[in-house]
Amino acid sequence: MTPRIEPALLGEFHDAAAPLLLADAALPEVVALALPGLALWLVDGEGRLHRPGGDPARATLPLAAAPAEALAMVAAEETDLAVLRSWWSAPGLPPLLLAANGPAALPALAPLLAAALQPRAAQAAGLQRALVAARQEAERLQEAMQALLLHAGPPAAQPAPVLARAGEPAATAAVAPRDGRLALGQALGLPLSGVTALALHLEAAAGTLAALRLRLHGAESGRILGAWLVPGGALASGWQQFDLPAPLGPLREGALLEVVAETSPEDVLRLSLEDRRSEAPVVVAGGPAQDRALAVRVWTAPAGRRFIQPLHWDAEAIDLPLAPAGVAVALPEQLFAAARLPLGRVEARALGQAPARLVATLAGGEAALVVLPAVPLNGLDLLTAELAPGLGDAAGLEAALWLQPADAVLASLGDLSLEPPGARWSGWRSPRPGEPLRITLALPLAAARHATVALALRNAGPTAADQIRVEFTDLVGRRVAQPVGGKAPAPVRLAAVAPGAGVPSLAAVRLEDSLVLGGGSYRHLDIWLEGVRAGEYGWPRLRFKFVLDGDAPALEFRARPDWPPLFGQWPEGNAAMRIDQYGPYLRLTEAALAEGLVAGLAEPRDQAMLTSVLRLLPMAVATVARDATAEPAEYDMLLGKARRLAAGLPG
């Protein structure tokens, strides 16, 4: 006997979108097998196939072929599915699970389902990788097509770069190096996509020994995408322009600018600040907090439409990953294994499975030299060596850290020199009693990608009996500049307004992004508000995510470099403050509103900001939802959720 199926369901039966499960229609509680992700089909005693709840009488079409993939057959007795199993001619007859009822078959079904899902998961991962590769290829193809259009046929008119950030320098506000060095970071407040040039305003610049280094990199990846190294003789007062060879591609990362300057006592160098306070002020490493941004201008252009040979371009730094800001970066253990020991009694000692460490033994008046060749310096500003003297052995120990060219030949302390380009030394240092000795060396701006690092040791004790043992325990690198978003500015006091102006107003609202996951179980609208004003307070830009996680609406406010500063004082310690892989954020839910989160904020300006966002929320969602969906029912749902959350505002 040949099994039969309803003609309209034949295509669905052979669809391999979900594992196929065949069960006896007479099995008690068979509906328990109708699990998400499984295609359950029932077979009656006459071999008629139908879906749960379907009519077996409509199964009139003889089944010509078995399905491509079937997970299992479930029945109470071996003879219950005899018609189907005797007909099955495809290779790999599915296993028969015998169970008294539907729930009893679930334990045996679980391992079969796991085995069936494994290749599907691998296939999904492969498709995801293929999708990422296709997107990358599409971006490269877009750039190639634009470049081809530019050069094919008559030359097209080049579009002028667009000024995306227009900073104006203040007449007197500037930052300058202290003790010969300045390191600062500036969040530019725009994405990297299309950036083609920037300009930095120098209030004053004089002297030939100074040096200025700029690096443009992504806020999330830390990858260097623009780098310039300018000698002092090329610096002049006024706007200093820095071009990229071509506009950056479609990168959605936030743009961060890192500036480091070195000067001699005879040099003069001052970097101008903007003529007004900023919500993203410049951050000066080791300096006082600023309320203004660096005077920077940024231009953008379409990809593939502007090509230039830039001045002072540091091509070797491009695409290098920057070390995490302020974090000690361990250098490879292989450096110690490859160390040269041309002078003194130095040997490698290992304790158990730990890597070997270099230990020097010095009698009074004796010296030692440890040379580490080809130390990688990419993206680093400081090198720190750590030494551990033996107990009671610190008196008389002096150590110095040297930076020498990669090809330097060092056999004694007399071979160490400050004459080669890029050479540096820390000076002789001595440890405090009972403490390790840490020696930090500032790297030159034009440091080579690899250099020789030498540790010089000597015992200043007067007699040979004054013996010292010291262990070279570690060598790490660090960055100095830390480009981050600044603290929200002091409250902006606006002009007197008419009665009733406490009701918030805004100039514009726009949608940054719309995301839907899990078939609609999660979605968010990433919203910008511009020109918000409420009473005596004002905010040039505010940003938040309107989130629907299941049925519950919420707002998310994130502390990130590519977001405007939102709070003068974030409610640390509140249950609404959370953290994920993207950083800390505040999740404002109906429950948090009911618990008085707004009234509990420390600063009145922060209370006014959250109150304004909630009061403007229905209008903002009604505006941007037109771009997020074309379905009237979905639009009404989003607007209803926004009104529901706004209604939770006390008072």
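Computed over the chain, relative contact order equals 10 percent, with contacts defined as Cα pairs under 8 Å that lie 6+ residues apart. Between Leu335 and Asp549, full extension at 0.36 nm per residue minus the direct alpha carbon distance yields a gain of 72.0 nm. In region 180-307, Cα pairs under 8 Å separated by at least six residues give a relative contact order of 40 percent.
Coordinate range of the alpha-carbon atoms in region 56-156 per principal axis, descending: 80, 34, 25 Å.
Ala57 to Glu220: FRET efficiency via 1/(1 + (r/R0)^6), r the Cβ-Cβ distance, R0 56 Å, to the nearest 0.05? Show your work: numbers first, answer last.
Numbers: r = 60 Å, r/R0 = 1.08.
With R0 = 56 Å, the Cβ-Cβ based efficiency is 0.40.
As a proxy for reagent exposure, ranking Trp88, Trp428 by other Cβ atoms within 10 Å from fewest up yields Trp428, Trp88. Note on the chain: with charges restricted to the Cβ of Lys and Arg (+1) and Asp and Glu (-1), its dipole about the Cα centre is near 1240 debye.
Report the FRET efficiency, 1/(1 + (r/R0)^6), for Glu530 and Leu163, where r is their Cβ-Cβ distance and R0 is 30 Å, rounded to 0.05.
On the way: r = 18 Å, r/R0 = 0.61.
So the FRET efficiency works out to roughly 0.95.
The Cα-based radius of gyration and maximum Cα-Cα distance (Dmax) for region 162-317 are 14.8, 44 Å.
For the pair region 393-442 / region 505-570, the C-alpha centres are spaced 53 Å from each other. The tail of the calculated P(r) for region 4-117 beyond 26 Å holds 9 percent of all Cα-Cα pairs. Label-to-label distance for Glu556 and Ala460 is 5.8 nm, based on points extended 7 Å past Cα in the beta-carbon direction. Rg/Rh, computed from the Cα trace of the chain with Rh as the Kirkwood radius, has the value 1.10.
Using just the helices of the chain, give the 222 nm mean residue ellipticity in deg cm²/dmol: DSSP H runs with n ≥ 4 each add -39,500 (n - 2.57), and the total is spread over all residues, rounded to 500.
Helix-only estimate at 222 nm: -5500 deg cm²/dmol.
Expressed to the nearest 5 percent, the antiparallel share of DSSP beta bridges inside region 4-117 is 25 percent.
Annotation: extensible slack from Ala34 through Leu106 equals 24.9 nm (criterion: 0.36 nm per residue apart, minus Cα-Cα distance).
Counting neighbouring beta carbons within 10 Å and listing from fewest to most, the residues Arg349, Arg643 come out as Arg349, Arg643.
Computed from the C-beta positions of Leu127 and Glu572 and an R0 of 41 Å, the FRET efficiency is 0.45 to the nearest 0.05.
Each label point was placed 7 Å from the Cα along the Cα-to-Cβ direction; for Arg277 and Ala448 their separation is 5.0 nm.
Counting every other Cβ atom within 10 Å of each residue's Cβ, Ser272, Ser278 order from fewest to most as Ser278, Ser272. A crude spin-label estimate for the pair Glu595 and Ala147, with each label 7 Å from Cα along the Cβ direction, gives 5.5 nm.
Were the residues from Ile318 through Asp179 laid out at 0.36 nm apart, the gain over their Cα-Cα distance would be 47.1 nm. For region 508-646, the fraction of C-alpha pairs farther apart than 18 angstrom is 54 percent.
No value in this document is a laboratory result; all are computed from the given coordinates. No experiment lies behind these values; they were computed from the predicted model shown. Because the Cβ atoms are built from the backbone with ideal geometry, glycine has one as well, and the counts that use them run over all protein chains shown.
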